[in-house]
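Data first, discussion second: the structure below is written as structure tokens.
Quick note: the coordinates plus some simple rules give every number you see, no bench work behind them. Bear in mind the structure is a predicted one, so any value in this text is a computation, not a measurement. Ideal geometry is used to build each Cβ from the backbone, glycine not excepted, and the neighbour counts take in all protein chains shown.
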Amino acid sequence: MYGANTNSPLRGDYSRARADFTVEQSWHPYTQDDHALWRRLYQRQSQLVADHACREFAQGLARTDCSARIPDLEDINAMLTPASGWRLVAVPGFIPDEQFFRHLAARQFPVTVWLRKPEEFDYLVEPDIFHDFFGHVPMLFDRGFGDFVQRYGEQGLRALEVGALPLIARLYWYTVEFGLIEDRAHPQDGLRAYGAGILSSGGETPYSTESPLPLRVRFDMRRCMRTRYMIDDFQKTYFVIRSIDELKAAVAQDTVPLLRQLQGEPELQPDTLYPGDQPVPPRPAAAAA
Ligand code: HBI
Ligand code: FE
């Protein structure tokens, strides 16, 4: 079925996708250049983990050693499913919101199959396998975080029913993608990242925890859902949780009443501190090596 091993998986090839938008990972067609680029991406990001990632991320990353080549998702599932009940499924790229939420609600995480090009080393707007795998999979080894993401998927489906996609999408953006944590149980750790958009980015990882430029405020679900975001620049506001349980608590109840209420309130701007915000200071920059 596969020809000579010279063509990377096509970006956004939906022609072979099933009804739930999953595809075969088509493991074989990754080229040697793809694996080499993966190694460079992996090396840069894994060096940032010790100083900037939360302990759950560091522990999850240590469970899989994927530094040498693009992983076969089934090999990862053999470790991930016993650990947390999650399973990775391959997808061609962005999939419709409803299908995305259905996968999360079923404890299945969609991982994009294709890898970016070398000229996109630093920055990419869409998810590729490096973002989806390096950024998201470590946290999915944590059962509590996995519970939150599953519950988020269920609430995402509810939000679609009431036309509240923008509100529920912001919750994902400011937590799963760009969340920071100041772990109440481990104060010596200081401010750390758990979001996949941060931890798959060489620039935003130190920026999010150390730069004096962005706003950082204590997580509040209403504040978070009302706040617009940008997809093509470092974030201007980060929301800081004190524990993963705080995320689970935020979505424990049906969010529809809250969504309906927030639909009637104005959006908040991504670069503004509002009354009631509780600012969180950055972490002192690590001494240069
Ligand atoms: N599809 N592959 C993929 N990855 C995503 O992160 C994703 C998606 N489809 C929809 C979607 N995200 C959004 O609905 C959420 O971010 C809320
Ligand atoms: Fe992501």
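Express in nm, to one decimal, how much length is gained between residue 51 and residue 222 on full extension, taking 0.36 nm for each residue of separation and deducting their alpha carbon distance. Walk me through the numbers before you get to the answer.
Details: separation 171, 0.36 × 171 = 61.56 nm, distance 3.02 nm.
Gain on stretching residue 51 to residue 222: 58.5 nm.
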Approximate spin-label separation residue 157-residue 67, in nm, with each point projected 7 Å along Cα-to-Cβ: 4.0 nm
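Can you order the peptides 234-242, 63-71 by their average number of other Cβ atoms within 10 Å per residue, highest first? Could you put the intermediate results ahead of the total?
Values: 234-242: 20.7, 63-71: 15.1.
My ranking of the peptides, most packed first, is 234-242, 63-71.
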Linear extension gain, residue 98 paired with residue 274, 0.36 nm per residue minus alpha-carbon span: 60.1 nm
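Run through the DSSP bridge list for segment 32-263 and note the antiparallel percent, rounded to the nearest 5.
Counting DSSP beta bridges with both partners in segment 32-263, the antiparallel share is about 20 percent.
Given only helices, namely DSSP H runs of n ≥ 4 each adding -39500 (n - 2.57), what is the per-residue ellipticity at 222 nm of the chain, to the nearest 500 deg cm²/dmol?
-11500 deg cm²/dmol
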Cα-based radius of gyration of segment 32-263 once divided by 2.2 N^0.38 Å, which approximates compact folds: 0.96
Cα-projected label distance for residue 14 with residue 74, points at 7 Å along beta-carbon direction, nm: 2.7 nm
